[in-house]
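The values are calculated or read from the model by the stated rules, or taken from the named source; none is laboratory data. Keep in mind that this is a model prediction, so the values were computed, not measured. Ideal geometry is used to build each Cβ from the backbone, glycine not excepted, and the neighbour counts take in all protein chains shown. What goes into the accessible areas is simple: the full protein's heavy atoms, side chains included, and nothing from ligands, DNA or RNA. Shrake-Rupley method; radii C 1.70, N 1.55, O 1.52, S 1.80 Å.
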Amino acid sequence: MNFVEELRWRGLLHDIMPGTEEELAKGMASGYIGFDPTADSLHVGSLLQIFTLIRFQKAGHKPFALVGGATGMVGDPSGKSQERNLLSEDILDKNLKGIQTQLERFLDFNCGLNSAEIVNNYDWFKNYSFLDFIRDAGKHITVNYMMSKDSVKKRLESEVGMSFTEFSYQLIQGYDFYYLWKNKNCVLQMGGSDQWGNIVTGTEFIRRKGGGQAFALTSPLIKKSDGTKFGKSEGGNVWLDAKKTSPYQFYQFWLNASDDDAANYIKIFTFFNQQEIENLIAEHAEAPHQRALQKALAKDITQRVHGDEALETALKTTDFLFGNGSLDFLKSLDDESVLTVFEGITQFTILKAEFEAGYDALTLLADKTSIFPSKGESKKMIVGGGVSINRDKVPNPEKIFISSDLINGKFLVVQKGKKNYFLVVVV
RNA sequence: GGGGGGAUUCCAGAGCGGUCAAAUGGGACGGACUGUAAAUCCGUUACUUCGGUUUCGAAGGUUCGAAUCCUUCUCCCCCCA
């Protein structure tokens with residue numbers, strides 16, 4: 001199965017420029033995907049693009065990951081109804097380093113001819129003067145052409161308008177493609193479907209300025225089966241950085257996928273082949289409550305993103321919290337092991353001296369820790385039966401917790417709802 | 001430049017002198033049911049030392065009492081020139 005066929009059956013092909021498949025069939029080709037430095041970590045949404053590069057490389061082609069040091073300074077208007085705020089250079093720099101480190105985890109940079117490369121478009125833009133750029137690049141693309149792009153059209157129609165800065169974005173990204181085509185023999189740009197317009201500007205640029213031909217393909221936007229945005233969990237983004245989203249939380253994110261979504265995700269976010277996926281789906285259909293699909297998905301992707309050790313900890317934690325792990329299990333562990341099991345769980349520390357006299361539930365949950373933002377909130381949740389401490393429902397907001405309630409003289413396991421755990425450590 | 005409409009608690013959107021911490025819907029969170037799914041049903045959705053306290057674009061004013069009336073300001077939308 002070739003690269004394009006692979007994407008097709010996995011449901012990852014949204015748009016493809018005619019001739020792309022034929023071009024790739026000729027032999028090893030170079031292609032790239034750009035990553036925007038809007039944060040210092042990539043998130044689960046970016047995984048799709050990363051995996052596309054991996055698949056591209058596995059198919060024998062040479063992948064380039066472009067980090068947008070230059071484009072990040074401008075801001076991509078695609079899909080944005082409002083003008084973006086510019087990032088400061090410090091932040092940009094930090095973001096670039098962060099995502100570059102992450103990208104390095106995934107691709108093979110040492111496999112001969114088709115070794116991956118990371119490039120930063122700041123490198124070819126930093127000494128490119130404005131005048132030179134508008135003379136060299138700007139001359140080849142008409143404003144009429146640029147205005148016809150959806151991302152531009154939408155903003156022109158709206159009241160907020162669009163700054164010249166953002167308007168020029170597509171030209172800059174288009175030039176990237178040209179640059180890579182010219183200097184790295186890069187003939188294909190890939191990306192999310194929202195990037196189609198920008199990518200096509202690039203191929204057009206290559207045609208007009210370089211007299212050459214380049215290709216494009218995009219992947220669809222991932223949505224959950226209920227139509228809501230993919231990649232959010234408990235109100236926040238799911239990041240690839242273990243400091244922002246712990247491997248346990250990351251694992252849980254995938255494990256909690258609905259049946260429909262899991263069947264979809266496993267094609268997108270794992271490298272299981274068609275047969276293996278069909279087997280998993282069949283297995284899941286037979287015993288849905290076992291959730292073979294979610295488990296396979298969560299395990300595979302957590303392992304790939306965070307490594308074996310982190311996966312193991314995540315599994316251990318999951319096992320304890322959602323299995324029938326009783327408190328006795330915790331009691332049998334030394335402090336260090338307890339902390340390992342709870343590694344991915346949000347933790348709070350209270351001084352022993354302060355805890356001696358004991359705290360009522362409200363003070364403990366809203367004051368001494370920020371498990372709840374306010375006492376009122378905390379109270380409502382307790383009254384509603386949504387809070388457990390050490391596996392027991394907190395019966396009323398006045399309930400007092402004292403030293404003898406601590407597990408191993410040190411820990412309190414707080415549960416908000418069924419899935420949200422916190423560890424309070426008294427030292 | 002002239003005329004008109006609007007800004008309400010996370011969002012949308014009622015309220016138009018007391019019964020308003022503010023209808024309703026959405027979202028979010030919690031509960032039940034389950035499989036840590038989906039669907040469904042139920043509850044909660046300003047803070048609090050539970051006495052109260054601060055909220056309805058901002059600042060003043062009228063009134064026993066204002067989200068509701070008046071003044072000024074800021075921002076948004078529409079129509080005419």
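Things to note:
- Here the ratio of the Cα radius of gyration of segment A:279-357 to 2.2 N^0.38 Å is 1.45.
- Viscosity 1.567 mPa s, temperature 4 °C, Stokes-Einstein D of segment A:327-426 from Kirkwood C-alpha radius, µm²/s: 96 µm²/s
- Under 17 Å from the A:Asp405 label point (7 Å along Cα→beta-carbon), backbone N, segment A:340-366: A:348-366
- Largest first, the residues A:Ser78, A:Ser193 sort by 1.4 Å accessible area into A:Ser193, A:Ser78.
- Taking all protein chains together and a 1.4 Å probe, the residues A:Arg304, A:Arg55 rank A:Arg304, A:Arg55 from largest to smallest accessible area.
- For A:His43, the accessible area of its heavy atoms, probed at 1.4 Å with every protein chain present, is near 70 square angstrom.
- Residues whose amide H falls under 5 Å from that of A:His43, counting only those 5 or more places apart or on a different chain, are A:Leu240, with hydrogens built in the peptide plane.
- Within the listed set A:Ser115, A:Ser374, A:Ser246, the Gaussian network model of chain A (springs between alpha-carbon atoms below 10 Å) gives the highest mean-square fluctuation for A:Ser374.
- Against the main long axis of the alpha-carbon atoms of chain A, helix A:89-106 sits at an angle near 90°.
- Rolling a 1.4 angstrom probe over chain A with all protein chains present gives an accessible area of which 49% lies on carbon and sulfur atoms.
- Solvent-accessible area per residue for chain A (1.4 angstrom probe, square angstrom): 48 Å²
- Share antiparallel - DSSP beta bridges, chain A, percent rounded to 5: 45 percent
- Listed pairs A:Lys94/A:Lys418; A:Lys126/A:Lys229; A:Lys375/A:Lys419; A:Lys223/A:Lys299; A:Lys126/A:Lys209 exceeding 28 Å between Cα atoms: A:Lys94/A:Lys418; A:Lys126/A:Lys229
- Gaussian network model of chain A, Cα within-10 Å springs - most flexible of A:Lys26, A:Lys149, A:Lys58: A:Lys26
- Note on A:His14: accessible area approximately 100 square angstrom, rounded to 10, probe 1.4 Å, nucleic acids and ligands left out.
- Pair A:Asp360, A:Arg208: separation of 7 Å Cα→Cβ label points (nm): 7.2 nm
- Two-decimal ratio, chain A, of alpha-carbon radius of gyration to 2.2 N^0.38 Å: 1.16
- Multiplying the residue separation of A:Lys154 and A:Arg135 by 0.36 nm and subtracting their alpha-carbon distance yields 4.1 nm.
- Across A:Gly386, A:Gly227, A:Gly98, mean-square fluctuation computed from a Gaussian network of chain A (C-alpha pairs under 10 Å connected) peaks at A:Gly227.
- Using a cutoff of 8 angstrom between alpha carbon atoms and counting only pairs six or more residues apart, the relative contact order for chain A works out to 13 percent.
- Rounded accessible area of A:Asp36 (nearest 10 Å², 1.4 Å probe): 50 Å²
- Within straight-line cross-link reach of A:Lys410, aspartates and glutamates at Cα separation under 12 Å, skipping those fewer than 8 residues along the same chain: A:Asp334, A:Asp335, A:Glu336, A:Glu356
- MRE, 222 nm, helices only [DSSP H, n ≥ 4, -39500 (n - 2.57), over chain A, to nearest 500]: -13000 deg cm²/dmol
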